[in-house]
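Colleague: Below is one structure. I have some questions about it.
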Amino acid sequence: MSGDLVSLRMLVIAAALPDQELWRQAAAMASVPVDFTAHAVASAASALAKDGADICVVDGDLSDADQAAVIAAARALQPAPLVFISAPQGSARRERIDGMLRKPSSVDDARKLVEICVRAKFPSRVLIVDDSGTMRNIVRKILSASHFKLDIHEAAEGIAALNQLRGGNFGM
């Protein structure tokens, strides 16, 4: 990430008000400014259509039909937000989502999950180091096909890699 001020629009669709408040408190502690909104299922589709979102977190406690409706509304947006289901660990994964987040039990748990959302949305700097240009190209293509935004750099040898590491903040 650059030093520019950025903001992440995060929408949480939660069944219970205490769950919404937990996510709200966590978003306030994020490493980047988060424009946070929480809605019940009834107002989720209209909120998505009106305000959009970068990240949409859907409560796994909602009915399958409600989850599907929110996911469909999020997928209809251009650009579509990343969609995560927040559910107890080991829950079945739904189709058309970008990932599963375990349901937080505390503000600290929720804060860590918000940071995962931040990392998923904002580019991570990645350094590929290999003496083979062919291998670097293969890894670059695989990473470029990822659903996540990556700022990919390469080094053909250890000294060049160390020089780049000294000069930059790499996440992977």
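The values are calculated or read from the model by the stated rules, or taken from the named source; none is laboratory data. All values derive from a computational prediction rather than experimental measurement. As a convention, Cβ positions derive from the backbone with ideal geometry for all residues, glycine included, and neighbour counts pool all protein chains shown. Heads up: the accessible areas ignore ligands, DNA and RNA and are worked out on the full protein's heavy atoms, side chains in. Shrake-Rupley method; radii C 1.70, N 1.55, O 1.52, S 1.80 Å.
Colleague: Restricting segment 78-90 to residues that are in contact with a Gly (Cβ under 9 Å, 6 or more places away or on another chain) and open to solvent by less than 50 Å² (accessible area, probe 1.4 Å), which is farthest from His147 (Cα to Cα)?
Modeller: Ala87
Conditions tested, residue by residue: (1) out of contact with any Pro (no Cβ under 7 Å at 6 or more places or on another chain); (2) of a type in the set (Gly, Ala, Ser); (3) within 18 Å of Phe36 (Cα to Cα); (4) free of Cβ contacts under 8 Å to residues at least 12 places away in the same chain.
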| residue | (1), (2), (3), (4) |
| --- | --- |
| Val83 | yes, no, yes, no |
| Ala87 | yes, yes, no, no |
| Arg93 | yes, no, no, yes |
| Val114 | yes, no, yes, no |
| Arg119 | yes, no, yes, no |
| Phe122 | yes, no, yes, no |
| Lys141 | yes, no, no, yes |
| Ala145 | yes, yes, no, yes |
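Colleague: With Val107, Val58 as the choices, which residue is among the β-branched types (Val, Ile, Thr) and open to solvent by 30 Å² or more (accessible area, probe 1.4 Å)?
Modeller: On inspection, the qualifying residue turns out to be Val107.
Colleague: Residues Arg75, Arg24, Arg9, Arg94: which one is modelled with pLDDT under 90, open to solvent by 20 Å² or more (accessible area, probe 1.4 Å) and charged (D, E, K, R)?
Modeller: Residue meeting the stated conditions: Arg94.
Colleague: Specify the residue that is surrounded by the most Cβ atoms within 10 Å (Cβ to Cβ); the eligible residues are those in segment 27-39 that are in contact with a helix residue (DSSP H, G or I) (Cβ under 8 Å, 6 or more places away or on another chain) and not aliphatic (A, V, I, L, M).
Modeller: Phe36
Colleague: Take Ala69 and tell me if it is more than 26 Å from Ile152 (Cβ to Cβ), open to solvent by less than 10 Å² (accessible area, probe 1.4 Å) and among the small types (Gly, Ala, Ser).
Modeller: Answer is no for this residue.
Colleague: Criterion first (within 18 Å of Lys121 (Cα to Cα) and touching a helix residue (DSSP H, G or I) at 6+ places or on another chain (Cβ under 6 Å)) does Val57 satisfy it?
Modeller: No.
Colleague: Is it the case that some residue within segment 36-44 is of a type outside the set (Val, Ile, Thr) and closer than 21 Å to Phe122 by Cβ?
Modeller: Scanning segment 36-44, I find at least one residue that is of a type outside the set (Val, Ile, Thr) and closer than 21 Å to Phe122 by Cβ, so the answer is yes.
Colleague: Please enumerate the residues belonging to segment 140-166 that are among the β-branched types (Val, Ile, Thr) and surrounded by fewer than 16 Cβ atoms within 10 Å (Cβ to Cβ).
Modeller: Ile142, Ile159
Colleague: Against the definition (open to solvent by less than 60 Å² (accessible area, probe 1.4 Å) and either modelled with pLDDT of 95 or more or part of a strand (DSSP E or B) (or both)), how does Ala120 come out, yes or no?
Modeller: Answer is no for this residue.
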